[in-house]
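Asks: Have a look at this one.
The values are calculated or read from the model by the stated rules, or taken from the named source; none is laboratory data. Everything numeric here is computed off the predicted structure, so don't read it as measured data. Here Cβ is always computed from backbone atoms with ideal geometry, including for glycine, and neighbour counts include all displayed protein chains. To get the accessible areas, we keep the full protein, side chains included, count just its heavy atoms, and leave off ligands, DNA and RNA. Shrake-Rupley method; radii C 1.70, N 1.55, O 1.52, S 1.80 Å.
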Amino acid sequence: MNSLDQHDQKMAFPELQRRRFLVSSASIAIGCAMGSFPAIGNAATVHVLPALPYADDALAPVISSNTISFHYGKHHKGYVDNLNKLIVASDFADMSLEKVILASAGQAEKSAIFNNSAQIWNHTFYWRSLRANGGGEPPAALKQKIEASFGSVEACKKELAAAAMGQFGSGWAWLVQEGDKLKVVRTANAELPLTKGQKPLLTIDVWEHAYYLDYQNKRADYVNAVLDKLINWGFAADNLAA
Ligand code: MN
């Protein structure tokens with residue numbers, strides 16, 4: 001659509017234009033979240049479920065379209081719907097997603113707002129941490145950094161697998177940058193590195209809903225298959241460079 005068309009449409013459909021603005025400002029807020037943190041700016045009055053970055057069967061057979069249909073279509077969507085209900089007419093209503101996360105973190109009476117906002121962020125980040133035909137060798141700049149911090153890519157993957165397996169109950173395994181170093185960390189439930197001054201590079205969801213339909217209780221099989229076949233080193237490299 002060229003700018004003349006957009007101008008005409010704005011004149012003809014001011015309400016449509018407003019809706020588009022709300023959606024695009026929320027998308028920008030989420031887009032910023034994928035880069036360096038803190039990424040602030042747009043007041044996203046309505047949080048939207050970001051589109052999956054691939055078809056729902058793109059990760060099969062490692063992660064089936066059945067798992068994606070529940071994980072993305074029900075769980076991720078549910079966090080978005082819940083958050084929008086929780087923040088109506090509150091101090092959080094006009095905040096970007098990142099601001100909601102930071103403003104609610106660590107406050108017991110805001111735990112529902114924190115949990116839902118952080119889970120929106122975590123899942124958007126998780127989908128981008130995976131790709132069809134992933135795994136393999138990281139891009140050169142990231143590989144160098146991994147080798148400096150862990151000794152080798154294999155050692156980094158082993159630490160990620162150990163963190164994913166060592167998380168008791170629900171949570172996340174992350175590759176993060178802290179200062180000049182890369183580290184592997186794990187977080188429980190909806191917790192995330194953003195509140196700890198760490199820059200997330202990639203994540204693996206180890207909530208049971210991420211793997212139970214495909215792997216049942218075999219979390220290690222899911223984690224190792226993700227690391228070997230789906231992990232998106234290019235996304236981590238982009239985040240490192242951002
Ligand atoms: Mn999940």
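Asks: Kindly indicate whether any position in segment 195-206 is assigned to a helix (DSSP H, G or I), under 18 Å from the mean Cα position of the chain (by Cα) and among the aliphatic types (A, V, I, L, M).
Replies: No, there is no match, as no residue in segment 195-206 is assigned to a helix (DSSP H, G or I), under 18 Å from the mean Cα position of the chain (by Cα) and among the aliphatic types (A, V, I, L, M).
Asks: Answer with yes or no whether Val62 is within 16 Å of the ligand (Cβ to nearest atom), open to solvent by less than 60 Å² (accessible area, probe 1.4 Å) and either closer than 21 Å to Lys110 by Cβ or at pLDDT below 95 (or both). Please lay out each step first, then the result.
Replies: Numbers: within 16 Å of the ligand (Cβ to nearest atom): yes; open to solvent by less than 60 Å² (accessible area, probe 1.4 Å): yes; either closer than 21 Å to Lys110 by Cβ or at pLDDT below 95 (or both): no.
In short, no.
Asks: Also, I was wondering about something else. Could you count how many residues in segment 198-242 are in contact with a His (Cβ under 9 Å, 6 or more places away or on another chain) and aliphatic (A, V, I, L, M)?
Replies: 2
Asks: Scan segment 212-242 for residues that are over 19 Å from Lys143 (Cβ atoms) and not in a helix (DSSP H, G or I) and jot them down.
Replies: Once the filter is applied, which keeps residues that are over 19 Å from Lys143 (Cβ atoms) and not in a helix (DSSP H, G or I), segment 212-242 yields Gln216, Asn217, Lys218.
Asks: Say we look at segment 189-203 and pick out the residues that are among the hydrophobic types (A, V, I, L, M, F, W, C) and more than 10 Å from the ligand (Cβ to nearest atom); which of these is surrounded by the fewest Cβ atoms within 10 Å (Cβ to Cβ)?
Replies: Residue satisfying both the conditions and the ranking: Leu194.
Asks: Restricting to segment 102-138, give me the number of residues that are acidic (Asp, Glu) and either over 21 Å from Val176 (Cβ atoms) or in contact with a strand residue (DSSP E or B) (Cβ under 8 Å, 6 or more places away or on another chain) (or both). Show your work before the answer.
Replies: Going through segment 102-138, the residues acidic (Asp, Glu) turn out to be 109, 137.
If we keep only those that are either over 21 Å from Val176 (Cβ atoms) or in contact with a strand residue (DSSP E or B) (Cβ under 8 Å, 6 or more places away or on another chain) (or both) as well, we get 109.
Qualifying residue count for the region: 1.
Asks: Scan segment 101-116 and give yes if some residue there is under 13 Å from the mean Cα position of the chain (by Cα), within 16 Å of the ligand (Cβ to nearest atom) and either among the acidic types (Asp, Glu) or open to solvent by 10 Å² or more (accessible area, probe 1.4 Å) (or both), otherwise no.
Replies: Yes - at least one qualifying residue is present in segment 101-116.
Asks: Which residue is least open to solvent (accessible area, probe 1.4 Å), if the candidates are limited to segment 66-88 and must be of a type in the set (D, E, K, R) and away from the ligand (no atom under 13 Å from the Cβ)?
Replies: First pass over segment 66-88, keeping only residues of a type in the set (D, E, K, R): 74, 77, 81, 85.
Still in the list and also away from the ligand (no atom under 13 Å from the Cβ): 81, 85.
Details: Asp81: 60, Lys85: 154 Å².
Out of the qualifying residues, it is Asp81.
Asks: Hey, does segment 129-149 have a residue that's surrounded by 14 or more Cβ atoms within 10 Å (Cβ to Cβ) and within 16 Å of the ligand (Cβ to nearest atom)? Spell out how you get there, then give the answer.
Replies: Residues of segment 129-149 that are surrounded by 14 or more Cβ atoms within 10 Å (Cβ to Cβ), as a first pass: 129-132, 134-135, 138-139, 142-143, 145-147, 149.
Add one more test, that the residue is within 16 Å of the ligand (Cβ to nearest atom), and what stays is 129-130.
Looking through segment 129-149, at least one residue is surrounded by 14 or more Cβ atoms within 10 Å (Cβ to Cβ) and within 16 Å of the ligand (Cβ to nearest atom).
Asks: Please give the helices (runs of 4 or more DSSP H) falling wholly within segment 81-179 in which 2 or more residues are among the hydroxyl-bearing types (Ser, Thr, Tyr). Please lay out each step first, then the result.
Replies: On the way: elements: 97-104, 111-129, 140-150, 153-166.
So the answer is 111-129.
Asks: Within the set of pairs 6 or more residues apart or between chains, which connect a residue that is within 13 Å of Trp207 (Cβ to Cβ) inside segment 67-87 to a residue that is more than 13 Å from the ligand (Cβ to nearest atom) and in a helix (DSSP H, G or I) with Cβ atoms less than 9 Å apart?
Replies: Listed pairs, sorted by first residue: Thr67/Asp214; Tyr79/Ser117.
Asks: Does Gly166 satisfy the condition of being in contact with a strand residue (DSSP E or B) (Cβ under 7 Å, 6 or more places away or on another chain), over 26 Å from Asp81 (Cα atoms) and surrounded by fewer than 15 Cβ atoms within 10 Å (Cβ to Cβ)? Even if it seems obvious, please write down each step before you answer.
Replies: Details: in contact with a strand residue (DSSP E or B) (Cβ under 7 Å, 6 or more places away or on another chain): yes; over 26 Å from Asp81 (Cα atoms): yes; surrounded by fewer than 15 Cβ atoms within 10 Å (Cβ to Cβ): yes.
The answer is yes for Gly166.
Asks: Any idea which residue in segment 169-188 is nearest to Ala148 (Cα to Cα), counting only those that are open to solvent by less than 10 Å² (accessible area, probe 1.4 Å) and away from the ligand (no atom under 16 Å from the Cβ)?
Replies: Going through the qualifying residues, I end up with Leu182.
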